[in-house]
Amino acid sequence: MNKRGIRWGRRLETALVLVAAVAFGSWREFAFINLNYQIDHVGNHTRFSYAHSLVQGWTRGMDLHDLLVLKWSLAFVSMAVMAAMTVVLVRIQFGTWRHARAILLGFLGFALLSLALHFLSRWAPPFELVSVRVSHMLQYPVPLLFVLIAAWGIRTRMNADE
């Protein structure tokens, strides 16, 4: 690393990962909002669904169980995609893959915490909201922000030590 900080190649690579993460997050938001509308429609037997016609077409003929399985499956896929993007961003920022295992174990730990809180919410209902928030943190670009903050802090400290 030079005295001026991060090289331009890394800035471009970082920007590409962030753009991909925001695009994925937008797709995820569209999919889940409309999937929740469709779940509400099927579960409550309403006259019509507020879900986008595209999502209605994709889920046509699915019962409530199938929709919930689809939703959970997409949640796990979203977590896996964000975990992969986090590993890639750490590789770009720090130039090594050695943190990949710790990142993946961190994602797994938070996912298990979310699942445990979900099951505990039967006895303590406020845990359900915490469970959802932890799960959402893993599905959105939040971990990427932690990586960028850590990289900035380390670079700031390294430049101060020079």
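Just so it is clear, none of the values below were taken in a lab; they were calculated from the coordinates. Note that the structure is a prediction, hence the values are computed from the model and not measured. Methodologically, a virtual Cβ is constructed for each residue, glycine included, from the backbone with ideal geometry; neighbour enumeration extends over all protein chains shown.
Below is a table of values for the structure above.
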item	result
Cα long-axis angle, helix 126-139 against the chain (0 to 90 degrees, to the nearest 10)	60
In Hz, Karplus ³J(HN,Hα) per residue of the stretch 81-95 (6.51, -1.76, 1.60; θ = phi - 60°; x = Gly, Pro)	5, 5, 4, 5, 5, 5, 4, 5, 5, 4, 4, 5, 6, 10, x
Per-residue HN-Hα couplings for the stretch 116-125 [Karplus 6.51, -1.76, 1.60; θ = phi - 60°; Hz; x = Gly/Pro]	4, 5, 4, 5, 5, 5, 4, 9, 9, x
Among L35, L108, L64: highest mean-square fluctuation, GNM of the chain, C-alpha pairs under 10 Å	L64
Karplus-derived HN-Hα couplings along the stretch 35-41 (A = 6.51, B = -1.76, C = 1.60, θ = phi - 60°), whole Hz, x at Gly and Pro	5, 5, 4, 5, 4, 4, 4
Mean Cβ count within 10 Å, highest first, over the residues of peptides 113-119, 92-98, 44-50	113-119, 92-98, 44-50
Helix axis angle, 142-161 relative to the chain longest principal axis, alpha carbon, degrees	10
Binned Cα-Cα distance frequencies in the chain - 5 Å width, integer %	1, 8, 14, 16, 16, 14, 11, 8, 5, 4, 2, 1, 0, 0
Residue-averaged [θ]222 nm for the chain, counting only DSSP H segments that reach four residues, each worth -39500 (n - 2.57)	-27500 deg cm²/dmol
Dipole of the chain [Lys/Arg +1, Asp/Glu -1 at C-beta], most positive-end residue of V134, A23, L54	A23
